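*Asks:* Here it is, the structure in full.
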Amino acid sequence: MAIAYQDAHILALGLSTPRVGELRDLLARHGFQNVRGVAEREMALGAVLSNRPDLVLVWVEPGNAADEQLLEDIVTIEKESYVAVVAVNPDFDPEELVSRARTIPAMRLLYRELSEEKARLEAEAGERAKKYEDAIANLKSAETHLSAALAESEDKSRSKSDFIANLSHEFRTPLNAILGFSEILKNESFGSHSSPKYKEYAQDIHGAAQHLLGLITDVLDLSRAEAGRLDLEFTEVDASRTIDSAVRMLHDKAKAKGITMRVDIAPDFPHLRTDERRLRQVLLNIVGNAIKFTPPAGSVAIKAGVDPADGAFIIVVTDTGVGIDPADLPRVMSRYGQVKNAKAGNEHGSGIGLPLTQKVVEALGGTLEIRSERHKGTAVTLRFPPSLIVPSDDGKPADTAAAKRAAGNGG
């Protein structure tokens, strides 16, 4: 806070005692109470430094080199210690001196306070900058560590994928031999067995080997899909025929459980540009899961058509199975994720099928969405963009198996 001018500390230098008294009386008449004089020049600088005055009056006789040098020295101190300096000569104007005495000390004090505040703020800013620099350095260090960890993780993931791929190939070679020889035994290709048990065992070996081969194939496909190396061959595909094919392949499995299967494919369901083998793989997995987790006497429905809202083609598979709690869906969609459900009985999965199916659908350019409620069933929706629809030459959707089937029913 700036001081009142009456409280200003004034130091007069180089004046004779009568002159000091004259100046003190002049300033006292105008309210200044703290005026001190130093006549000895050799004590002038020390007095300024020790007393820290608000205003220094320096007597300068015209042409006196010593007075001029003293003024220069005091000005030098003023620059370093925020002291106001006024040169006074024998012809000084008393009113002007009083006026300057009233304003200069308060202004200099204010300047000093502002300078000190500036220094304080600069110090705080420096501390904050140092903290920011330290924080940035820590973030960069963390980023470096994270990048290294990510690179290491990706390297391990690639190594794991390569290991799984190589291991899968190594497994498939002996499995093919097991499948081949068990099929020979099952079919009694070289003559009948002496006991029917041998044929049953051969069938068991063949079924188990097929199941294991399917798991190994899924693991290999998932590894390839996650690495972006899934083999795809896009051609024009009659998707309705692919759906029919998948349903026929699973018909006996559904019939054995007493499950009703309904297929509803729109007659104008278009041809698609996709990979037929992969699309069939997706359908077999989704419909197969629906059958697996639907109790006897339940139902599975497959509906396909074009969404009028955006022109996308969709395939929806619904079932009346055990269902999944919505909170468990993220776990089900993660690799090897499984959810225990007492109503599923002995049925269980490997935790590979759904993550693999989602990866394949995405590789085909589509999306997979699951809606489910525990004990009430599940609905899986495959949605593919209209850009994958193959138009017919006349601008109408190409003839499909569903359209031909509808035409036959109408005739």
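Laboratory data are not the source of any read-out in this text; all were calculated from the coordinates shown. What you see is a predicted model; the values in this text were computed from it and never measured. Neighbour counts run over all protein chains shown; Cβ positions are idealised from the backbone, glycine included.
*Asks:* With r as the distance between the Cβ atoms of Arg52 and Glu117 and R0 = 25 Å, compute the FRET efficiency 1/(1 + (r/R0)^6) and round to 0.05.
*Replies:* Efficiency for this residue pair is about 0.85.
*Asks:* Follow-up. Under a Cβ-Cβ cut-off of 12 Å, what is the net charge of the residues other than Arg262 that fall near it, where Lys and Arg count +1 and Asp and Glu count -1?
*Replies:* Within the 12 Å Cβ shell, the charges total -1.
*Asks:* Could you tell me whether the range 5-92 comes out rounded, prolate or oblate from its Cα gyration tensor? Rule is a ≥ b ≥ c as square roots of the eigenvalues, rounded for a/c under 1.5, then prolate if a/b exceeds b/c, otherwise oblate.
*Replies:* Oblate shape, in that a/c is at least 1.5 and b/c is the bigger or equal ratio.
*Asks:* Mind checking the full-extension length gain between Glu183 and Ala208? Use 0.36 nm per residue of separation minus the Cα-Cα distance, one decimal, nm.
*Replies:* Contour length minus Cα-Cα distance gives 7.8 nm.
*Asks:* Also: How long is the gain from Ser387 to Lys255 if the chain were fully straight, where each residue apart is worth 0.36 nm and the alpha carbon distance is subtracted?
*Replies:* Result for the pair: 43.8 nm of gain on full extension.
*Asks:* Alpha carbon centre of the range 227-249 versus the range 253-282: separation in Å?
*Replies:* 10
*Asks:* Putting +1 on Lys and Arg Cβ atoms and -1 on Asp and Glu Cβ atoms, find which of Thr76, Leu45, Leu55 reaches farthest to the positive end of the dipole of the range 5-92.
*Replies:* Leu55
*Asks:* To the nearest 20 debye, what is the magnitude of the charge dipole of the range 172-252 about its Cα centre, counting +1 on the Cβ of each Lys and Arg and -1 on the Cβ of each Asp and Glu?
*Replies:* Magnitude of the dipole: close to 340 debye.
*Asks:* Okay, next question. Provide the net charge surrounding Phe234, with neighbours chosen by a C-beta distance below 10 Å and charges set as Lys +1, Arg +1, Asp -1, Glu -1.
*Replies:* Its environment carries a net charge of -2.
*Asks:* Thr76 to Val98: extension gain in nm, 0.36 nm per residue of separation minus the Cα-Cα distance?
*Replies:* Full-extension gain reported as 5.5 nm.
*Asks:* Report the net charge of residues surrounding Leu97, where surrounding means a beta-carbon distance below 13 angstrom and charges are Lys +1, Arg +1, Asp -1, Glu -1.
*Replies:* -1
*Asks:* May I ask you to sort Asp54, Asp244 by Cβ crowding, counting other Cβ atoms within 10 Å and putting the fewest first?
*Replies:* Listed from fewest to most nearby Cβ atoms, that is Asp244, Asp54.
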